[in-house]
Structure formats: structure tokens, C-alpha cells
1. Does at least one position in the range 97-111 carry a residue that is part of a loop (DSSP other than H, G, I, E, B) and in contact with a His (Cβ under 8 Å, 6 or more places away or on another chain)?
2. Please give the number of the condition Thr86 fails out of (1) assigned to a helix (DSSP H, G or I); (2) modelled with pLDDT of 95 or more; (3) surrounded by fewer than 19 Cβ atoms within 10 Å (Cβ to Cβ).
3. What number goes with the only condition from (1) closer than 17 Å to Ser167 by Cβ; (2) surrounded by 15 or more Cβ atoms within 10 Å (Cβ to Cβ) that Thr52 does not pass?
4. Considering only the range 114-122, I want to know if a residue exists there that is closer than 25 Å to Pro157 by Cβ, touching a Leu at 6+ places or on another chain (Cβ under 8 Å) and buried (at least 17 other Cβ atoms within 10 Å of the Cβ).
5. Out of the residues in the range 98-113 that are among the charged types (D, E, K, R) and closer than 22 Å to Met47 by Cβ, which is most open to solvent (accessible area, probe 1.4 Å)?
6. I need every pair where a residue in the range 81-93 that is hydroxyl-bearing (Ser, Thr, Tyr) has its Cβ under 6 Å from the Cβ of a residue that is open to solvent by less than 20 Å² (accessible area, probe 1.4 Å), sequence separation at least 6 or different chains.
7. When you scan the range 141-171, how many residues do you find that are among the polar types (S, T, N, Q), more than 28 Å from Thr60 (Cβ to Cβ) and surrounded by 10 or more Cβ atoms within 10 Å (Cβ to Cβ)?
8. Mind checking which residues of the range 2-28 are open to solvent by less than 30 Å² (accessible area, probe 1.4 Å) and either in contact with a His (Cβ under 7 Å, 6 or more places away or on another chain) or small (Gly, Ala, Ser) (or both)?
Amino acid sequence: MIQVRWHLSKPALDLDRSGAYNWRTDAKIAPGGYFDDLASHGIDLFMYLLGTIKTAQGYTANRWGHYSALDTVTACWMHENGVMGTGSWSFGSHEHRDEAEIIGSKGVLRFSVFHERPLVLVNQNGKRELYVPNPDPIQKYHVENIQKHLSGSAVHPSLGASGLQTSWVMDQILIGDRPLGSAVS
């Protein structure tokens, strides 16, 4: 694998445009807004698939002005194995897009982090699609893995250490374009 790329954009919610209070977009509570809430899932997935991220940086802005938190984030990172990643998140866009791809020397794997869409593999043999439905409820396997972990029959694939690493990556992205010593506001 050579590179991973993820783009997530969503139109502003009616709640966002109304100016009504939403803790998820209050810069005092969630400086990164919806990035804080959603990006962790994709970043955690990429580290599960591709290994630990060793460096990350980003650029951030409040471009849409619907609330005090950041609404636009662009980032790049590098996994310990040399795979490079880029991401862009926009929470005021005209369309909802969730597109990820892992680019390798022999093909590309395209998928959605949040939507129930087919995985698409494109390589020298052509294009193949694989549809894997989400479980009902969506947390089914997570809860089962917690139960197995607590009973001692298996180790949960997402423990506190991976959550801490994901939080560190997100922090690096959010502070990446600020002068040294300044706080995320």
C-alpha cells in the first residue's frame, strides 16, 4: 500500500443554520465540531487496517460561519510503515460525500466509512464490488467483542490504547496550523 485518502463532506444541518445551541458545534466543548465527533472513526479504521500513525498535521478553519467550532479540516499523516494519508472534512458543503480509498501498487480499494455501500476493488483484472451489509444494530460486533473481552475469551480489537492514539492524531491535526504554544480555540 502506498496511500490512503478520505473525504467527508456534509451540508449544514437545519440546527446549524438556525443558530440554535448545539454542544457538538460549541468551540468551548468541541473545538473541532463535527470533525471531533466523526473523524475519529475513519482515522481509527485506517490505523486498524494500515498500522499506527506516527506523524500528522492539519489546517483548520471555520469557513461556513454557522457556529463557533471549526467546520473545515484538511490533514495529512504518515503511518509507521510509510503509508501516507490525506483527509478532508467539510461540514457546510452543498452535498454529502463519504469517499475513502486505499491506493496500492496493484490496485485501488474504494469504500465509504459511514455509508452502507459496496467495497470496490479496481486492478489489472478489472473492477469488482463486494457488498457487506451493516449489522443490525450497527454496534452488534462491538458489543459482542466487549462481552468476549470481559469474559476473557478474546481481546477487543479497539482498546483504550488505540483510542488514545486516535485522539493524539486528531489533536495533531487540529493544532497543526497554529503557532507553537497556542491553544486550540
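The values are calculated or read from the model by the stated rules, or taken from the named source; none is laboratory data. Just so it is clear, the model here is predicted, and its values are computed rather than measured. Neighbour counts are summed over all protein chains in view; Cβ atoms, including those assigned to glycine, are modelled from backbone coordinates with ideal geometry. Note: accessible area is taken over every heavy atom of the protein model, side chains too, but ligands, DNA and RNA are not part of it. Shrake-Rupley method; radii C 1.70, N 1.55, O 1.52, S 1.80 Å.
1. no
2. (1)
3. (2)
4. yes
5. My answer is Arg110.
6. Filtered contacts from the range 81-93: Ser90/Ser9; Ser93/Ser9.
7. Residues in the range 141-171 being among the polar types (S, T, N, Q), more than 28 Å from Thr60 (Cβ to Cβ) and surrounded by 10 or more Cβ atoms within 10 Å (Cβ to Cβ): 2 in total.
8. Hits for the range 2-28 are Ser9, Ala12, Asp16, Ala27.
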